Each structure stands twice: as C-alpha cells, then as structure tokens.
Amino acid sequence: MTGQKCELGLIGLGTMGQNLLMNMADSNYAVAGYDKNPEQVDKLKEATKKYDIFGAYGLKSFITVLKKPRIIVLLVPAGKIVDYVIADLIPQLENGDIIIDGGNSYFVDTDRRIEELKDTGIHFVGMGISGGAKGARKGPSMMPGGHPDTWNRVKNIFEATAAKANGEPCVAHMGNGSAGHYVKMVHNGIEYGLMELLAEAYDFMKNILGLDNDTISQTFKKWDSGRLQSFLVEITGKIFTQMDTESDQYLIDVIRDESKSKGTGKWTSQDAMDIGATVPVIDVAVVMRYLSALKPERGKASSIYNNEVQLAAKDQVSTLLDQLESALYFSFAVTYAQGMAQLKTASSEYKFNLNMESIAAIWRAGCIIRADFLEDIRKAYQENNDLENLLLDGSISNILKSEEGNMRKIVSTAITAGLPFMAFANAITYFDGYRSKRLPANLIQAQRDYFGSHTYERMDKEGKFHTEWNN
Ligand code: 6PG
C-alpha cells in the first residue's frame, strides 16, 4: 500500500489491537497497524489476510499510509511506554494530527500529556475502551475525552465500530481533558465492586448453603435471566461448569485464592479519597484483592483462630438463596450508585462537564459492567442530570426499600456464620450512613477540638467555636 489511504492507524498489535482493526475493517474503513515488535506485525498479517489492513514494520511507512490529518490510536500498556511512543511519534506528525490513547492510562498522566502536546498542534485524546479482546472485535464501549472539536472529527469511525444498545452506539464524548480515562477508571472501580460481590455471593452459596458447583452455576444462570442480567453474572454462571484439563476437578477448585490487579480499582479509591467521594464497596473490593494476596499470613491466622463457617440448616437453603439474590441486587445498585456519585463529584472538581445519562447509556452494551440495570440508571439521569446520588432517585429508592430486609438478613447471617463479607456489609452500612439525617460526627468534632483545638460548629448558630474542655 502506498500513498495516504488509511483513515486510522493503530499502534500496539496485541489481540485487542488486532481485533479493533478487524472491527474497523468490517465497517469498511481502510486502517493500518504498527508494532515495534515485528512478530506482532507478522501475526496481524496472518490473522487479517482477508481484510484491507496495512501492517507496517516501521513507523515511517505506517505514518506515510495515513490520511491527513492523521488519526492514531495507541493500544500499548499504560505508563512510561505511552510517553515513549508519543516521543517517537512527535517528529513524524503535523499540526492537526490526533493521537488517541486507548489504554487504561492514569487520568493525571492524560492531563499532563494533553498539556505537553498543546504547543505542537497535535491533539491528544484519552479514551477508555472496555470489553476486552472480544469486545474490541464485536464492538466495545468507548469513553473518549479531550476537546469536543477533536471528537467530532473522529467520531464516525468509532460510532461505526462501537457496541450498540437499542441501536445506539456505545461511544460518546465524555467531557473535557482526561474525562474519558477518568470515566473508564471509575468503570473499572465499579467492575471491582461487582466482582467482589459475586465472589462473596459464591462463598455464601458454597460455605453457608453447602451448594456444589453445578448448583452454583445454575443459580447464577437463573439470576442472569432475571433482573440481575449482566455480563459479569453471565460469565460467573459459566465459570462454575468449566472442568480442568489437567485433573478431573472443576477448574474453579484448582485456581488459587489470590486475586491480582493492575491498578485502576486502586486509583478509583485513591481519587475518591482525594475529592471526598464515598465509594466503600469499591474500597473494600481493592482491600480484599490485597488481603487475598496475603495467603501465607492467612494460613497462619487460620491456625490460631477457628475459621470454620457455620452451615445453614437444610430447610433454610431455598429461602436464603432467594434472599441472597435480593441482597446482590441491592448491593449492585449501591455499587453503581457509589461510582456514579464519584463521577458527579469529579465532574465539578475537575470541570469535566460529564453527561451522566450518556455515561449510563454507553455502558449498556460492550463493556464489562454492562447490565440491564444500567437502563434504570440512564432513566434516573435522563430525569435529572444533577442527581447527586442514585439513592435519591424515586425508582431506585423503591428498589432499595423493597430489598433492604433481605439484605440485612443475608449480611447478618454471613457475619454470624463467620464468612468474610466485606463488600455486602459495606453496601448496607453505606446505605445506613447515607440515609442518616444525623450521624455521630458531632463527637468527632468534639474530640478534634479537645485534643487539637481544631474548633467545631454548632447547630444553633453559624461560626467556629472552641472550648477549653474539662477546665
Ligand atoms: C475492561 C476491563 C479491562 C481489564 C481490567 C482488569 O473494561 O475491558 O476493565 O480494562 O480487564 O483493567 O483490571 P485488573 O487487572 O486491575 O483487574
């Protein structure tokens, strides 16, 4: 291929990059791919023989085939590599060219990169992409930020390749600056929360209800066909039927109980703390991943403390299972509410100007946290984009009120039985805290003033006050 023919070029030819290029080619876009590693370019050529995709072995030839102004998507690991690739690109690019970082970059880095490129005339866009390799092939959910004019210049190709929910593309301009990567970061925070809740629901079924893998699988599958319908419940149902190829056991039973993470959940919690947003289900989901990694320590502690979980009576199993579904629905709603509330706070803190309805809309398909429930969330923000928290929405509050009793029953059963149940327990205590007109924070004010003369405020008049306590 010679001359400037391609509408878009992609750097980073892992499975995700290859799949996104094929997806774009399916929509009749001529596209090009480049990777520093020639083996990856060979793989692209091999996998995409039937497509009009140009595989470049050198950056120069890659740049040459791109139509001007150029659109270049980076799908390289987040961190320093993004900076190295940008540094290699800058001398080859011109005023008006657009670089789109499609990785899970930290939003602070994205803001820095936008700033660094400002004087070059090259536009930089941070775009979260969700859906994994399959999503990239069939249609991911995409969350671009950056300048709205830049988005308008590139949107056709992304709208054509995004997942569709009721015919609407699951991609939209999220907001200014690093808004796209921020929204993706919180998407992942919610993902952590939902995954931890599903893990705890599994633990409840296995260790309190005494259910086997087939029954656990059927239960998740049944839930997925009801109001809990979601990608994560769907795959969880499938996981429990997978057999190990190296033994005659279920695969789930040979996988070590130590979960890994790449950082987006932690960033969500860290930034929530920075801006004063409250996302405890996400916080404990991160904590539980770290706690799971302390396997040798947990082993020592289990030999000191009796960690046998109490099984429920057989005649209670069916009722408890129904209540667990209810508790999971309640907790999913709380987790989405916490993430969305963080986005709302971040929108004013960082001047992102987020459209909350649009975020819920583009998460309805293609991404990891897609769920039927996102339609309820979308409606809530359609009615009121300024809603501080989904817990204040009429329909969602009705759901929470009707599930609250079952939620309490399940959490108290788990805690009494000795099951680690951090995410569920935090969902209900967050709910209790949020709906409290009065909290014991008056005592915290008093204590701070007592030991540090930090002053306190009064109910009956404005101002700051200090008392010489007990003098
Ligand atoms: C997605 C996923 C994707 C990735 C996570 C995994 O939306 O497609 O979120 O981005 O699988 O980053 O994150 P951890 O490795 O931290 O669990």
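The values are calculated or read from the model by the stated rules, or taken from the named source; none is laboratory data. Small disclaimer: the values here were computed from a predicted structure and weren't measured. Glycine also receives a Cβ, built like all others from the backbone with ideal geometry; neighbour counts cover every protein chain displayed. The protein model used for the area step is the full one, side chains on, heavy atoms only, and it has no ligands, DNA or RNA in it. Shrake-Rupley method; radii C 1.70, N 1.55, O 1.52, S 1.80 Å.
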How many residues does region 123-140 contain that are away from the ligand (no atom under 15 Å from the Cβ) and open to solvent by less than 10 Å² (accessible area, probe 1.4 Å)? 1
Looking only at region 151-198, which residues are among the polar types (S, T, N, Q) and farther than 17 Å from residue 71 by Cα? 166, 176, 178, 188
Which condition from (1) outside the structural domain of residue 318 (by TED's automatic domain parsing); (2) within 20 Å of residue 324 (Cα to Cα) is the one that residue 447 breaks? (2)
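Does at least one position in region 36-57 carry a residue that is among the hydroxyl-bearing types (Ser, Thr, Tyr) and modelled with pLDDT of 95 or more?
To start, the set of residues in region 36-57 that are among the hydroxyl-bearing types (Ser, Thr, Tyr) comprises 48, 51, 57.
From what's left, modelled with pLDDT of 95 or more: 57.
Yes, the conditions are met somewhere in region 36-57.
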Within region 106-118, is there a residue that is more than 16 Å from the ligand (Cβ to nearest atom), of a type outside the set (A, V, I, L, M, F, W, C), in contact with a helix residue (DSSP H, G or I) (Cβ under 6 Å, 6 or more places away or on another chain) and open to solvent by less than 60 Å² (accessible area, probe 1.4 Å)? no
Is it the case that region 452-463 has a residue that's surrounded by fewer than 13 Cβ atoms within 10 Å (Cβ to Cβ), under 31 Å from the mean Cα position of the chain (by Cα) and of a type in the set (Asp, Glu)? no
Touching an Asp or Glu at 6+ places or on another chain (Cβ under 8 Å) and either among the β-branched types (Val, Ile, Thr) or within 16 Å of the ligand (Cβ to nearest atom) (or both): which single residue out of 364, 370, 378 fits that description? 364
Quick check: anything in region 161-179 open to solvent by less than 20 Å² (accessible area, probe 1.4 Å), touching a residue at least 60 places away in the same chain (Cβ under 8 Å) and within 13 Å of the ligand (Cβ to nearest atom)? yes
Conditions first: (1) outside the structural domain of residue 354 (by TED's automatic domain parsing); (2) open to solvent by 80 Å² or more (accessible area, probe 1.4 Å). Residue 398 passes all but one, so which condition is the exception? (1)
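Of everything in region 249-267 that's more than 10 Å from the ligand (Cβ to nearest atom) and part of a helix (DSSP H, G or I), which residue is surrounded by the most Cβ atoms within 10 Å (Cβ to Cβ)?
So the first thing to find is which residues in region 249-267 are more than 10 Å from the ligand (Cβ to nearest atom), and the list is 249-258.
Add one more test, that the residue is part of a helix (DSSP H, G or I), and what stays is 251-253.
Values: 251: 16, 252: 18, 253: 11.
Only one residue tops the list, namely 252.
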Would you confirm whether any residue within region 405-412 is outside any helix (DSSP H, G or I) and open to solvent by 60 Å² or more (accessible area, probe 1.4 Å)? no
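Can you pull out every residue in region 417-451 that is of a type outside the set (Gly, Ala, Ser), farther than 28 Å from residue 390 by Cα and either surrounded by 11 or more Cβ atoms within 10 Å (Cβ to Cβ) or touching a Ser or Thr at 6+ places or on another chain (Cβ under 9 Å) (or both)? Before the answer, list the steps.
Quick first cut of region 417-451, residues of a type outside the set (Gly, Ala, Ser) only: 419-422, 424, 426, 428-432, 434-435, 437-440, 442-445, 447-451.
In the following step, the residues that additionally are farther than 28 Å from residue 390 by Cα were identified as 419, 443, 445, 447-451.
Within region 417-451, 419, 445, 447, 448, 449, 450 qualify.
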For residues that are assigned to a helix (DSSP H, G or I) and free of Cβ contacts under 8 Å to residues at least 12 places away in the same chain, scanning just region 382-393, find the one that is surrounded by the most Cβ atoms within 10 Å (Cβ to Cβ). 392
Of all the residues that make up region 227-239, how many are more than 16 Å from the ligand (Cβ to nearest atom) and open to solvent by 50 Å² or more (accessible area, probe 1.4 Å)? 3
Residue check for residue 379: charged (D, E, K, R), touching a residue at least 60 places away in the same chain (Cβ under 8 Å) and in a helix (DSSP H, G or I): no
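Just to confirm my filter: which helices (runs of 4 or more DSSP H) fall fully inside region 35-140 and include at least 3 residues that are basic (Lys, Arg)?
Working: elements: 38-47, 59-64, 80-89, 107-117, 132-138.
In region 35-140, 132-138 are the helices (runs of 4 or more DSSP H) which contain 3 or more residues that are basic (Lys, Arg).
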Based on what the data block shows, is residue 195 surrounded by fewer than 24 Cβ atoms within 10 Å (Cβ to Cβ), near the ligand (Cβ under 10 Å from one of its atoms) and at negative phi? yes
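When you look at residue 242, is it open to solvent by 80 Å² or more (accessible area, probe 1.4 Å) and either outside the structural domain of residue 343 (by TED's automatic domain parsing) or at pLDDT 95 or above (or both), yes or no? Show your work before the answer.
Values: open to solvent by 80 Å² or more (accessible area, probe 1.4 Å): yes; either outside the structural domain of residue 343 (by TED's automatic domain parsing) or at pLDDT 95 or above (or both): yes.
So residue 242 fits the description; yes.
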Condition first: surrounded by 12 or more Cβ atoms within 10 Å (Cβ to Cβ) and more than 13 Å from the ligand (Cβ to nearest atom). Now tell me which residues in region 274-294 satisfy that. 275, 277, 278, 279, 280, 281, 283, 284, 287, 291, 294
